[in-house]
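Asker: Mind looking over this structure? Questions follow.
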Amino acid sequence: MASPLPRPPWRQGQLDGLCGLYAAINALAYMLAPVVTVDRRWAARLFKQGLAHVAEHVPLTTAVRDGIDPEPWVAMVMHLAEHVAAKLDVPIIVTQPFAGNAKVGRDEWLDLARTTLEAGDALLLLLAGEHRHYTMAARLTPRLLGLHDSSGLQHLQLSATGMASSKRRHRIQAEWTIVLTLGQHRVRERPG
């Protein structure tokens, strides 16, 4: 059974392209909700940690203005997950189920989304088409993919959603899908 969303998503500013960083923080907060609350102070420290990691790989002005390409985004998500795992002494498993496979079918991706969300794991995705946007999936119904999103995007109509090569309004780039899973844990200290 999926966990309830811990809080409204952390929101990005109107002039920045840091949706990938916000998606990672929102996903970690969601996944960790059964263990610890990600409050504003902790989210701000994760933001700083993520931004420092991005700056090592992409000029910061480029990242803020134009966003983060998928490879550095995946590296940043992994870095934040490792950082949190070390601070809390909890195993966080980061997987890219379709890495290198841009030809994943819609039904296959939706099956993964359903399984992931039912398990209470966090599902991050990259949208193309109308959006070039990183976000977190929160629920799946026969008609909608619900989002926990930093820009206020609440859901995608499945009838208007396809995969990267489709002509649909919303296009999921499956090879950049990330699943965050919380393993067996015992909290050691507050994150920082």
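The values are calculated or read from the model by the stated rules, or taken from the named source; none is laboratory data. Source: prediction; values computed, not measured. When we count neighbours, we look across all protein chains shown, and the Cβ atoms used for this are built from the backbone with ideal geometry, even at glycine. Accessible surface areas use protein heavy atoms only, side chains included; no ligands, DNA or RNA. Shrake-Rupley method; radii C 1.70, N 1.55, O 1.52, S 1.80 Å.
Asker: For the residue pair HIS57 and SER159, what label-to-label distance in nm results when each label sits 7 Å from Cα along the Cα-to-beta-carbon direction?
Answerer: In this crude spin-label approximation the distance works out to 3.8 nm.
Asker: Please report, as a whole percent, how much of the solvent-accessible surface of the stretch 10-156 comes from carbon and sulfur atoms (probe radius 1.4 Å).
Answerer: C and S fraction of accessible area: 52 percent.
Asker: Write down the accessible area per residue of the chain in Å², having rolled a 1.4 Å probe over the full set of protein chains.
Answerer: On the way: 9470 Å² over 192 residues.
Ligands and nucleic acids excluded, the figure is 49 Å² per residue.
Asker: With viscosity set to 0.890 mPa s and temperature to 25 °C, compute the Stokes-Einstein D of the chain, Rh being the Kirkwood radius across alpha carbon pairs; µm²/s, no decimals.
Answerer: In µm²/s, the coefficient rounds to 148.
Asker: Using θ = phi - 60° and the Karplus relation 6.51 cos²θ - 1.76 cosθ + 1.60, list the HN-Hα couplings for the stretch 77-93 in order, rounded to whole Hz, with x at every Gly or Pro.
Answerer: My calculation for the stretch 77-93 gives 4, 4, 4, 5, 4, 5, 4, 5, 4, 5, 5, 8, 6, 10, x, 10, 9 Hz in order.
Asker: Report, by chain and number, residues whose modeled amide H sits under 5 Å from the one on ALA138, excluding near sequence neighbours (fewer than 5 apart, same chain).
Answerer: GLY146, LEU147, HIS148
Asker: How big is the C-alpha Rg of the stretch 119-174 next to the rule-of-thumb value 2.2 N^0.38 Å, as a ratio? Kindly include the intermediate steps, with their values, before the conclusion.
Answerer: On the way: Rg = 10.5 Å, N = 56, 2.2 N^0.38 = 10.2 Å.
Cα-based Rg divided by the globular estimate yields 1.03.
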